[in-house]
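Here is the structure we will look at.
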């Protein structure tokens, strides 16, 4: 009997010990203190879908290379357009040869060392050949290329320049200076737009392999602004009269006020514009300088 009592006492002690251990390691009740507040910046999806692009007061445009002659200026087959805004000095394409680019820039009073950025529309040599001019400023100049550019051309540019940016989507690279994202021609090609206050977009195209109308539509849609002027290569030298008529009519329907075909555009579109839409056309050749600001839009 005494043995049974001792055994029962031992069992009770073991149970009490087990209860004590369980209580000591169980989670404690939360204290009634104020909760911590975390502040998070949430971007509206509308700001991503419809980004706000800056407007600038003016844009100065100088045609440094074009294959339409003007006096003693070099006029090789190619295109290069200098753009000056309140905040930037940009070169859109570089023509086929460094010497022509240097010679014309000097004659026109353009200091190439002041250029901040070079935007390359596409990989063809009549647009990239003059890029070597900027090797001496390779650590300063930022070069923008379409991400769809061929690997060989990309490699050559990246081996030379320290700051190369590949672009796929429409991107504002300086206030009011917008690279219109690449379209496929072939090859892949991008354009440049300057958003001038109370005027709209000045759209600069290289060769328009994907179609000048497609670039105008993309610029209008991506920037949510009208295109006041389109200038550059339209790639219509071999196009039929019917094709040219259709393209010009579409550009007018898209409310483009100034249509300025140079480089690879051909004479047919110039003659059609002079005949049917003279108010939409301005003669531009190598050496032409345009100042785009509010009072010039009348």
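The values are calculated or read from the model by the stated rules, or taken from the named source; none is laboratory data. Keep in mind that this is a model prediction, so the values were computed, not measured. Using ideal geometry, Cβ is built from the backbone for each residue, glycine included, and neighbour counts are taken over all protein chains shown.
See the values below:
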| quantity | calculated |
| --- | --- |
| Criterion: surrounded by 15 or more Cβ atoms within 10 Å (Cβ to Cβ) and in a strand (DSSP E or B) - qualifying residue of 269, 260, 244 | 260 |
| Residues within the range 175-186 that are over 13 Å from the mean Cα position of the chain (by Cα) and either free of Cβ contacts under 8 Å to residues at least 60 places away in the same chain or buried (at least 20 other Cβ atoms within 10 Å of the Cβ) (or both), tallied | 2 |
| Condition met for residue 122 (assigned to a loop (DSSP other than H, G, I, E, B), modelled with pLDDT of 95 or more and either in contact with a helix residue (DSSP H, G or I) (Cβ under 6 Å, 6 or more places away or on another chain) or closer than 21 Å to residue 190 by Cα (or both)) | yes |
| Residues being touching a helix residue (DSSP H, G or I) at 6+ places or on another chain (Cβ under 9 Å) and free of Cβ contacts under 8 Å to residues at least 60 places away in the same chain - total across the range 218-237 | 7 |
| Candidate set: the range 139-161, residues that are modelled with pLDDT of 95 or more and within 24 Å of residue 84 (Cβ to Cβ); chosen: the one surrounded by the fewest Cβ atoms within 10 Å (Cβ to Cβ) | 142 |
| Qualifying residue in the range 48-59 (condition: under 30 Å from residue 197 (Cβ atoms), in a helix (DSSP H, G or I) and at pLDDT 95 or above) | no |
| Filter pass, residue 83 being closer than 20 Å to residue 182 by Cβ and outside any loop (DSSP other than H, G, I, E, B) | yes |
| Candidates 172, 189, filtered to the one that is more than 20 Å from residue 258 (Cα to Cα) and crowded, with 24+ Cβ neighbours inside 10 Å | 189 |
| Out of 80, 151, 103, 121, sole residue that is over 30 Å from residue 226 (Cβ atoms) and in contact (Cβ under 8 Å) with a residue 24 or more places away in the chain | 103 |
| Verdict on residue 110 being surrounded by fewer than 22 Cβ atoms within 10 Å (Cβ to Cβ) and under 18 Å from residue 140 (Cα atoms) | yes |
| Boolean, residue 94 is part of a loop (DSSP other than H, G, I, E, B) and crowded, with 23+ Cβ neighbours inside 10 Å | yes |
